[in-house]
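The values are calculated or read from the model by the stated rules, or taken from the named source; none is laboratory data. Predicted model, so just to flag it, every value in this text is computed and none were measured. Note that each Cβ is placed from the backbone with ideal geometry, even for glycine, and that neighbours are counted across all protein chains shown.
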Ligand code: FAD
């Protein structure tokens, strides 16, 4: 038997890949007697990151944007030598579709929360009463301290229903693909709560922390991406892993503690032994691997929504009423089934050949999950009907790429943080050396997942000593 301690990473999405990469880096740099294995259930790496190249288009079936202010993704990109491929988002203008009209998101809005009074007052998105109600944030006292509350409830109380429904909800539920009246404030945006508690007003608090810029000063890009597609990050990280690290088509079905070691039962009946494990698969899969532990039950009960990403390629001439901007989100009160649309050819020009246009729409509101199961043709019809209401697109797309992400969007509902703390604490006792990391647990953006991978590396190294 090998003298080396065995570390198994379950799942080869960006969390698992970054975990395996940073583990091997530490092992090499510090000459540690450990060996890393990555087990991936499917026949491809990357999980939700999936780039498709077709007819000169670069199509992201999953994420397309990296939040520029979060550094971990760019650190990883540099580690694997892709830094020259990073490109900034090319247009900052985005809209909200409300009452059949596109309204520019007021300047200075941070995640939908106004930080500048003037653009907000002149915005066509809200009625005078809605604006007056939002001003209540300046005079309302901070609420009594609470362990958690819903994201929607918090903002309804501070800024009123209209601002929530026309701006905050479409933006935030675009990120979480969920119902903001169910989502946890503390698991998603705890800083807003902190600002309210410290400054007595979210807007005043944001005004203090969001950097002020002169009118002439150029705003740094909020998002960046790789001009080779985010899939190239997956390929580059995978290429850096030592040969033999990754096993594809290998699902972990069950994990059993045997003395100091763990036995992982694979879908082919094989047993793999490990000293430490990082589970990066979705929560409901992690729970199934450890059904014998009651403290994992909350993961079984944790909801997850499905979305479909609909990429549509056109000749530029087919778009009769083109719009200057990167795209729009749809307000809850609008009679549309798409939840958002990116004008990818404008937002990321490198994705689209000259003379062409690439749209990327989403379907799958929390209360419209059945649409994800419709046929490709039906989904294309629905999306085209919606787009035609605002853009006059004269023809069917040249081609469409539809990607259904089933149960992909873990819902951090109220109390999520406390539930995760309880699970983490119980695992420390009952399953020392086993860790959870990834989109289901502590942040679902790509950089959040990489952060969790990096944290898991430190936990594993600390445990193995
Ligand atoms: P996953 O990518 O889900 O990887 C988990 C892996 O585990 C999978 O490969 C799976 O096959 C494997 N697995 C599952 N069960 C087992 C098992 N039993 N044994 C072994 N392996 C198993 N984020 C952004 O930052 N910016 C965006 O623009 C953005 N847009 C998005 C758009 C869409 C349509 C989607 C779906 C997500 C988007 N996200 C975005 C979120 C982000 O892409 C994901 O949260 C992130 O990629 C998740 O990475 P992960 O490794 O934690 O999980």
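Determine, yes or no, whether residue 17 is crowded, with 24+ Cβ neighbours inside 10 Å, touching a residue at least 24 places away in the same chain (Cβ under 8 Å) and either at negative phi or touching a helix residue (DSSP H, G or I) at 6+ places or on another chain (Cβ under 7 Å) (or both). In short, yes. I want to confirm something. Restricting to the range 51-68 and keeping residues that are within 18 Å of residue 347 (Cβ to Cβ) and in a loop (DSSP other than H, G, I, E, B), which single residue is farthest from the ligand (Cβ to nearest atom)? Checking each candidate, the answer is 56. Among the residues of the range 247-255, is there at least one that is surrounded by 15 or more Cβ atoms within 10 Å (Cβ to Cβ), more than 14 Å from the ligand (Cβ to nearest atom) and under 27 Å from the mean Cα position of the chain (by Cα)? Looking through the range 247-255, none of the residues is surrounded by 15 or more Cβ atoms within 10 Å (Cβ to Cβ), more than 14 Å from the ligand (Cβ to nearest atom) and under 27 Å from the mean Cα position of the chain (by Cα). Just so you know, in the range 452-465 the residues that are in a helix (DSSP H, G or I) and without any contact (Cβ under 8 Å) to a residue 12 or more places away in the chain include one that is farthest from the ligand (Cβ to nearest atom), and it is 462.
Taking the range 424-451 as the region of interest, how many residues are surrounded by 22 or more Cβ atoms within 10 Å (Cβ to Cβ) and more than 16 Å from the ligand (Cβ to nearest atom)? The total comes to 1. Quick check on my filter: what residues within the range 1-35 are away from the ligand (no atom under 11 Å from the Cβ) and in a strand (DSSP E or B)? Those that are away from the ligand (no atom under 11 Å from the Cβ) and in a strand (DSSP E or B): 5, 6, 7, 34, 35.
Test residue 64 against the stated conditions and say whether it is under 26 Å from residue 361 (Cα atoms), surrounded by 19 or more Cβ atoms within 10 Å (Cβ to Cβ) and not assigned by TED's automatic domain parsing to the domain that holds residue 175. Answer is yes for this residue. Test residue 131 against the stated conditions and say whether it is over 25 Å from the mean Cα position of the chain (by Cα) and surrounded by fewer than 16 Cβ atoms within 10 Å (Cβ to Cβ). Against the criterion (over 25 Å from the mean Cα position of the chain (by Cα) and surrounded by fewer than 16 Cβ atoms within 10 Å (Cβ to Cβ)), residue 131 does not qualify.
Working carefully through the options 117, 80, find the one that is surrounded by 15 or more Cβ atoms within 10 Å (Cβ to Cβ), without any contact (Cβ under 8 Å) to a residue 12 or more places away in the chain and farther than 22 Å from residue 357 by Cα.
Values: 80 fails: without any contact (Cβ under 8 Å) to a residue 12 or more places away in the chain.
Selected residue: 117, the only one of 117, 80 that is surrounded by 15 or more Cβ atoms within 10 Å (Cβ to Cβ), without any contact (Cβ under 8 Å) to a residue 12 or more places away in the chain and farther than 22 Å from residue 357 by Cα.
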